[in-house]
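As structure tokens, the structure follows; a few thoughts come after it.
The values are calculated or read from the model by the stated rules, or taken from the named source; none is laboratory data. Just so you know, these numbers come straight off a predicted model, no measurement behind them. FYI the Cβ positions are ideal-geometry reconstructions off the backbone, even for glycines, and counts take in every protein chain you see. For the accessible areas, the whole protein counts, side chains as well, though only heavy atoms, and no ligand, DNA or RNA atoms are used. Shrake-Rupley method; radii C 1.70, N 1.55, O 1.52, S 1.80 Å.
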Amino acid sequence: SGQADYNIALAIDPTDGNIVYYGTSANSTNTSGTVFRSKNGGQSWSDLSLGDGTDGLHADTHAIVVSPANRNVLFTGSDGGIWRTNNATDNTVTWKSLNPNLNITQFQSIALHPTNPNFVIGGTQDNGTNLFTGRSSWSNIRGGDGGFTLIDQSNPQVLYHTFFNANNADNDGRAQIGPEVSLNGGSSWSRRGCFGCSAVQGSINPTDRVGFYAPMALHTGFTGQNGNVIYLGTHRLYRSENRGTAWVGLGPSSDGFGADLTRGSSGRLSAIVAHPNRNGGAEIVWAGATDGSVQVTVNASAGASATFINVTKAPLPNRFVSDIALDANNVQHAIVTFSGFNSVTPATPGHIFLTTNQGQSWTDISGNLPDVPVASAAMNPADPNTIYIGTDLGVFQTTNGGATWERMGNGMPRVATFMVRYQAATNTLFAATHGRGVYRLTTSRGVSTVSAASFNASAIASEAIVAAFGTGLATRTEINNTLPLPTTLAGTRVVVRDATGVERLSPLFFVASTQVNFLIPPGTAAGSATITITADDGTVSIGTVQVATVAPSLFTANATGRDVAAGYALRVTPAGAQSNEPINRFDAGLNKYIPVSVDLNVAGNQVFLVLFGTGIRFRSALSGVTATIGGVPVPVQYAGPQGTFVGLDQLNIGLPASLTGRGEVDLVLTVDGKPSNTVRVNIK
């Protein structure tokens with residue numbers, strides 16, 4: 001017996017067809033049985049689950065494999081991971097857990113401490129409810145199937161969790177719908193909900209339609225004597241002001257337990273969220289259902305008198321509502337995410353939708369997202385255009401309100417991500433995955449990337465030297481002095497994702513907390529590119545740039561992108577002797593660089609300016625490079641790579657004697673019709 005309709009596994013001994021292994025799940029009448037063996041073709045069975053008693057198996061077996069090379073080596077995979085035995089045919093087997101270094105937990109949900117990134121609670125598939133307290137330390141604080149979790153934001157010692165919920169009998173023969181609460185950080189728990197309850201007011205109706213995991217939410221903007229208000233969803237929305245001791249069903253109904261917020265007879269609530277601010281005293285709560293219904297109330301505190309507005313309208317699809325996210329600073333803004341595959345068609349549009357008027361109208365912002373389920377969303381409270389989502393292919397981000405999306409793949413696998421949540425106090429994003437545990441990253445408000453020569457954000461080309469500015473970009477300052485350039489410096493890495501979706505690590509010149517100098521990787525395609533900088537402590541800063549084939553920039557002596565040119569004058573005598581002369585110097589009195597005059601009035605001498613820049617090397621032809629000095633066209637004799645410094649370009653310009661006496665003048669460079677920054681030179 002067991003869950004053979006859900007998890008079943010069979011394996012046959014490779015040398016003896018009468019030896020059969022069968023995997024299923026533990027159940028109320030056979031609490032240990034999850035792997036069985038028959039040595040007589042199924043006529044009789046023995047339970048191998050407990051083995052020799054030193055390391056028994058976890059419930060719910062999904063896979064069994066016998067080694068084709070050694071019939072005594074058997075592996076079994078379950079909701080608890082992977083085990084091995086080397087004596088599968090013996091009367092008593094010995095199991096060894098292979099899980100200590102595997103990060104494979106299937107998280108259903110997480111909840112965050114208001115300020116501490118090292119205090120996280122999460123519910124997991126058949127591995128209970130777990131608490132993270134820092135240094136990669138998780139502790140199991142409740143068993144069973146862990147569902148949704150909450151942390152009271154006014155008192156983080158108050159925790160909530162749910163088991164799987166059902167309106168049929170649990171192992172105690174009682175209906176179970178609702179959470180447990182801990183008042184001491186998870187050390188002990190009390191039931192709060194319908195565990196064997198009757199249909200009486202103040203409780204949850206045990207006959208309600210309810211999801212396997214009933215959604216929960218809390219109202220961080222409402223803090224009474226008993227902390228935050230909490231909500232729980234069946235096909236109705238329940239509210240409690242006293243930590244689940246008593247529940248009130250919201251909205252009018254014939255039985256007094258609250259309004260049905262679904263489309264009909266089979267839907268169940270799947271997403272709940274309350275706006276963190278009480279706008280004029282209003283308690284705004286959103287609810288979404290498995291059948292695509294989306295409703296909002298602005299007076300949830302009114303209980304049975306609460307009124308819901310059904311905002312289920314085109315272009316919202318008739319599919320599973322997986323999550324709802326709100327703009328903490330604007331009660332009109334909301335995002336709804338939907339599950340589903342093969343759904344991006346005119347009849348059934350995408351997976352994520354935005355409203356700016358509290359549901360009166362919706363905009364599909366799925367953009368360039370892959371056509372896979374979107375399970376969760378979180379908005380950055382500092383920037384409503386920055387949205388993070390969890391999908392079946394990992395975490396994606398938009399920084400422009402959904403116009404374009406990019407996968408956040410720097411250390412994050414392509415794995416189903418069931419929940420993303422953002423901790424505003426620490427700028428930390430958490431991602432709970434179904435099978436790879438929990439990930440987190442610390443974000444910043446963004447990074448600005450400019451040409452390291454001109455400091456122009458629009459002058460970015462492949463193989464160009466650029467500078468990124470932000471905060472927390474590196475944990476220490478380090479300058480690279482080696483070739484080839486490293487892609488990690490002081491623990492900092494830079495990833496450039498180009499317009500075609502290709503991600504490349506950037507070679508690094510210099511890193512510091514507020515600045516990183518790097519090379520746009522060779523091969524970066526023209527178009528919009530995303531720059532992701534990850535510091536050694538995990539802080540992630542993200543920005544976008546427009547990459548062009550040619551984007552000329554000239555270096556200046558004062559490192560501002562303006563005024564005095566960087567470079568030197570090359571003098572060639574009639575005999576062919578060459579000498580270099582400075583074109584700038586530092587004036588201590590003025591505390592700045594000033595141009596040094598170039599003397600053109602030496603008979604028979606040829607004089608050239610040798611200037612340095614970046615973003616020039618891919619010019620179409622030398623004829624496409626033009627320059628003027630003081631408005632006078634001058635000949636350009638070379639424009640291309642400098643040759644000995646990575647990413648550096650060189651420009652050789654002839655100086656005709658007719659420029660004599662011009663003094664300080666502007667040098668204007670144009671490459672394939674694109675102007676560079678203007679620099680200053682001095683002609684004696």
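Listed values, structure above:
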read-out	value
Checking LEU98 against (1) loosely packed, with under 15 Cβ neighbours inside 10 Å; (2) farther than 21 Å from ASP126 by Cβ; (3) touching a Phe, Trp or Tyr at 6+ places or on another chain (Cβ under 8 Å); (4) hydrophobic (A, V, I, L, M, F, W, C), the condition it does not meet	(2)
Hits in region 519-538 (condition: farther than 17 Å from GLY446 by Cα, crowded, with 17+ Cβ neighbours inside 10 Å and not polar (S, T, N, Q))	LEU519, ILE520, PRO521, ALA526
Output for region 567-626, where each listed residue is β-branched (Val, Ile, Thr) and either under 47 Å from the mean Cα position of the chain (by Cα) or open to solvent by 20 Å² or more (accessible area, probe 1.4 Å) (or both)	VAL572, THR573, ILE594, VAL596, VAL602, VAL610, THR614, ILE616, VAL625, THR626
Strands (runs of 3 or more DSSP E) wholly inside region 188-244 containing at least 2 residues that are open to solvent by 40 Å² or more (accessible area, probe 1.4 Å), more than 17 Å from GLY258 (Cβ to Cβ) and of a type in the set (S, T, N, Q)	216-224
Complete set of residues in region 444-457 that are crowded, with 23+ Cβ neighbours inside 10 Å and assigned to a strand (DSSP E or B)	THR449, SER451
Residues that are hydroxyl-bearing (Ser, Thr, Tyr), in a loop (DSSP other than H, G, I, E, B) and out of contact with any strand residue (DSSP E or B) (no Cβ under 6 Å at 6 or more places or on another chain), drawn from region 474-496	THR475, THR477, THR482
Exclusive hit being of a type in the set (Val, Ile, Thr), under 20 Å from the mean Cα position of the chain (by Cα) and within 15 Å of ILE465 (Cβ to Cβ), set VAL496, VAL502	VAL496
Test: residue in region 458-473 that is of a type in the set (Val, Ile, Thr) and part of a loop (DSSP other than H, G, I, E, B)	yes
Some residue of region 182-199 being closer than 17 Å to ALA304 by Cβ and at pLDDT below 90	yes
The lone exception for THR399 - which of (1) hydroxyl-bearing (Ser, Thr, Tyr); (2) within 21 Å of ALA525 (Cα to Cα); (3) over 18 Å from the mean Cα position of the chain (by Cα) it fails	(3)
Members of region 431-442 found to be outside any loop (DSSP other than H, G, I, E, B) and either among the small types (Gly, Ala, Ser) or open to solvent by 10 Å² or more (accessible area, probe 1.4 Å) (or both), listed by number	ALA431, ALA432, HIS434, VAL438, TYR439, ARG440, LEU441, THR442
Single residue of region 283-318 satisfying the filter (farther than 20 Å from PRO349 by Cβ, in contact (Cβ under 8 Å) with a residue 40 or more places away in the chain and in a strand (DSSP E or B)) that is most open to solvent (accessible area, probe 1.4 Å)	ILE309
Answer residue from region 458-468, given it is of a type in the set (Gly, Ala, Ser) and open to solvent by less than 20 Å² (accessible area, probe 1.4 Å) and is nearest to the chain's Cα centre (by Cα) among those	ALA468
Only one of THR443, THR477, THR398, THR487 that is without any contact (Cβ under 8 Å) to a residue 24 or more places away in the chain and touching a Ser or Thr at 6+ places or on another chain (Cβ under 9 Å)	THR487
ALA259 being small (Gly, Ala, Ser), modelled with pLDDT of 95 or more and part of a loop (DSSP other than H, G, I, E, B)	yes
Enumeration of residues in region 179-236 that are more than 20 Å from GLY147 (Cα to Cα) and either aliphatic (A, V, I, L, M) or touching a Leu at 6+ places or on another chain (Cβ under 6 Å) (or both)	ALA199, VAL200
Residue in region 593-607 that is touching a residue at least 60 places away in the same chain (Cβ under 8 Å) and out of contact with any Lys or Arg (no Cβ under 8 Å at 6 or more places or on another chain) present	no
Test: residue in region 131-152 that is assigned to a loop (DSSP other than H, G, I, E, B), open to solvent by 40 Å² or more (accessible area, probe 1.4 Å) and touching a Leu at 6+ places or on another chain (Cβ under 8 Å)	no
Some residue of region 5-19 being within 18 Å of SER97 (Cα to Cα) and either among the β-branched types (Val, Ile, Thr) or open to solvent by 50 Å² or more (accessible area, probe 1.4 Å) (or both)	no
Test for ALA559: is it closer than 20 Å to GLN650 by Cβ, in a loop (DSSP other than H, G, I, E, B), open to solvent by 50 Å² or more (accessible area, probe 1.4 Å) and not charged (D, E, K, R)	yes
Index of the failed condition, ARG37 passing every other in (1) open to solvent by less than 40 Å² (accessible area, probe 1.4 Å); (2) over 30 Å from SER376 (Cα atoms); (3) not in a strand (DSSP E or B); (4) not hydrophobic (A, V, I, L, M, F, W, C)	(3)
Boolean, VAL331 is under 26 Å from the mean Cα position of the chain (by Cα), under 21 Å from MET419 (Cβ atoms) and of a type outside the set (D, E, K, R)	no
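Matching residues to (1) in contact (Cβ under 8 Å) with a residue 12 or more places away in the chain; (2) of a type outside the set (Phe, Trp, Tyr); (3) in contact with an Asp or Glu (Cβ under 6 Å, 6 or more places away or on another chain):
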position: CYS197; (1), (2), (3): yes, yes, no
position: SER203; (1), (2), (3): yes, yes, no
position: THR207; (1), (2), (3): yes, yes, no
position: VAL210; (1), (2), (3): yes, yes, no
position: PHE222; (1), (2), (3): yes, no, no
position: VAL229; (1), (2), (3): yes, yes, yes
position: ARG239; (1), (2), (3): yes, yes, no
position: GLY256; (1), (2), (3): yes, yes, no
position: ALA259; (1), (2), (3): yes, yes, no
